[in-house]
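Structure first, then comments.
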Amino acid sequence: MPTESTAQPPVVGAAELLAKCSAVDSRGALLETLIEGVVFRPTRPVPHDDGHLTEVARTNWDVLSTPIVQVHLTTTLPGRVRGWGLHQRSTDRLFVVSGLVTIVVFDGRIGSPTEGRINTFTVSERNPGLLLIAPNLYHGWKNIGTTEASIINMPEHLYDHQAPDALDLPWDSEAARRIIPWTW
């Protein structure tokens, strides 16, 4: 019970205020429990005399259990949403090169130990990391920044132009609102 000396004066809207929760612990590790098949490997920009260098992927990183067979770059305009996507066979390996992006992953796999869980990642060149998303997980992102965002993907399988391993659920559809408990 607060004493008179420590009690805060009432403020308009006090009943609507929410306590802030940290996304990381005191060592910087993510507090969020990750969906089975989702891995986030933080990286960091290393400054040098001419700018900085950030490692995107290395073959000796434990998270890269399969070889990189293709690399592609996609961009997303400010305020735009790319989602929902799902791959049945391939793992996506995403790295935000520029821009400020919120990436969301939803586990809709029936019987999965993390069924129904959502993970969110806010990534940029200032908060870089390699995000691995296993097959059969819905995922998408929104560019929450003010400039075009650039995202590298290094899927574990080559893109098959004749039979793409890509299923889409439009983010603004009634079906998406019913299936995925997340709104952009």
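The values are calculated or read from the model by the stated rules, or taken from the named source; none is laboratory data. Note that this is a predicted model, so its numbers are computed, not measured. In this analysis, Cβ positions are derived from the backbone assuming ideal geometry, glycine residues included, and neighbour counts consider all displayed protein chains.
Observations, loosely collected:
- Residues of region 32-84 satisfying the condition of being under 25 Å from G111 (Cβ atoms), among the small types (G, A, S) and in contact (Cβ under 8 Å) with a residue 60 or more places away in the chain: G37, G83
- Yes/no for E115 being touching an Asp or Glu at 6+ places or on another chain (Cβ under 6 Å), surrounded by fewer than 17 Cβ atoms within 10 Å (Cβ to Cβ) and either of a type in the set (D, E, K, R) or without any contact (Cβ under 8 Å) to a residue 40 or more places away in the chain (or both): yes
- V96 vs. criteria over 20 Å from E156 (Cα atoms), in contact with an Asp or Glu (Cβ under 9 Å, 6 or more places away or on another chain) and either exposed (fewer than 14 other Cβ atoms within 10 Å of the Cβ) or touching a residue at least 40 places away in the same chain (Cβ under 8 Å) (or both): no
- Scan of region 127-184 for residues that are in contact with a His (Cβ under 8 Å, 6 or more places away or on another chain) and in a strand (DSSP E or B), ordered by number: I133, I152, N153, L167
- Taking region 1-93 and the strands (runs of 3 or more DSSP E) fully enclosed by it, the elements with 3 or more residues that are hydrophobic (A, V, I, L, M, F, W, C), in contact with a strand residue (DSSP E or B) (Cβ under 8 Å, 6 or more places away or on another chain) and within 30 Å of W182 (Cα to Cα) are at 38-42, 81-86.
- Within region 119-141, if we keep just the residues that are under 19 Å from W184 (Cα atoms) and surrounded by 21 or more Cβ atoms within 10 Å (Cβ to Cβ), the residue that is nearest to the chain's Cα centre (by Cα) turns out to be F121.
- The one condition in (1) touching a Ser or Thr at 6+ places or on another chain (Cβ under 8 Å); (2) within 30 Å of R89 (Cα to Cα); (3) at pLDDT 80 or above that P45 fails to fulfil: (2)
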